[in-house]
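**Q** Dumping the structure here so I can ask a few things about it.
The numbers here are math on the coordinates, done by the rules we state, and not lab data. Predicted model only: the values in this text are computed from it and were never measured. Because the Cβ atoms are built from the backbone with ideal geometry, glycine has one as well, and the counts that use them run over all protein chains shown.
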Amino acid sequence: MPSHEEHCQQSLRRYGKTFSELHKWMDEPSEILGYKHRMYRHDPYTTPHVARRLFGEYADEACLDHIRLDREMSRGIYAPVSAKPLNLGRFALAYFLGFIAVFISVSQLSPVKGSQAVVLGSLVLLIFISVWVGGLLAIPLYFLFEFLWGERQPKEIEEFFQACDEMDRKKSSLGASFTLNVSMAELDDYSKQALKEAEKQDYSLALELLEKSLQDKPKSKYLLLLKAWFTDRLQQKTEHTRTHRGEHRIRNLADLDRSLRLFRDYMDFLERALDSLEEALAIDPNFSEAQELLRCYKGRLELYQNFIQKLENLKRIFPQKLDKT
């Protein structure tokens, strides 16, 4: 399997930058799933789109390069999700039992009689048959042993990474078509300045300025819409920054606790945005922009709730797989 450094060097040669955070993000599941990590964030059709959204220009191409290099350096054997390494101990046991079963069965069916040479020849033939037929019998026996005693991937780990994938896929589409429309007549100097700060992506300052406008016009549905919008943009910017810093990586229980805190913070942002939208809709129940954003934010809130639930399941039921420190 290619190392992180090999992926970075390939990106550096092709795009002039290493895309180190992208490659870390793609291989994060390996901290828990090992060689099975390629079942997540390695889909050549959907993952590049998510990568471009998270990591910028050429990230989609670097993502595809990552997937191709993984396949090439696996010598063409790109293991499916269900593939597992052969357990030699169990296979040896299955082979031995198959050999003994065939040897005894054949010897009982055809007792050997005659001269010493005939007996010796018959014994060699019996061993030859037992070796081949016993080997065939060992295959179903091995799978039976795997079913009875094989290590199973806990469902909590599978569900956690499925929730990661669901969030990656759905979050970008929620609200993607929304266009912010406000009545300029409703805006005063503070709120107009807030819009300018929002263009610079300084959403904290934009919210501070907007609060001053709301002191004079607490019942303005447009100002409440802007407040919800700025609150959500601040949350997305915070999450995006933390993703780039690697603050969502889970390598041990301390990381898991941190992720729980971060995603609960994101939920608080969304709940505050929802409160502002509900205030706007209480003023005007037919306010279409607020209705559209409300549906979007509720959809994202449900994603976060589901993700947090999977994190809590992972912590409660299977901590030993995560605590590597």
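**Q** By average Cβ neighbour count within 10 Å, what is the ranking of 202-210, 214-222 from highest down?
**A** Working: 202-210: 19.1, 214-222: 15.7.
Final packing ranking: 202-210, 214-222.
**Q** Rounded to a whole number, what is D in µm²/s for the stretch 88-149 from Stokes-Einstein with the Kirkwood radius over alpha-carbon pairs (20 °C, 1.002 mPa s)?
**A** The Stokes-Einstein estimate is 173 µm²/s.
**Q** Using Cα-Cα distances under 8 Å and only pairs 6 or more residues apart, what relative contact order does the stretch 88-149 have, in percent?
**A** 57 percent
**Q** Which links in LYS192/LYS217; LYS24/LYS298; LYS196/LYS217; LYS192/LYS227 stretch past 23 Å when you go from one Cα to the other?
**A** Over 23 Å Cα-Cα: LYS24/LYS298.
**Q** Something else about it: What is the order of GLU289, GLU199, GLU278, fewest Cβ neighbours within 10 Å to most?
**A** GLU199, GLU278, GLU289
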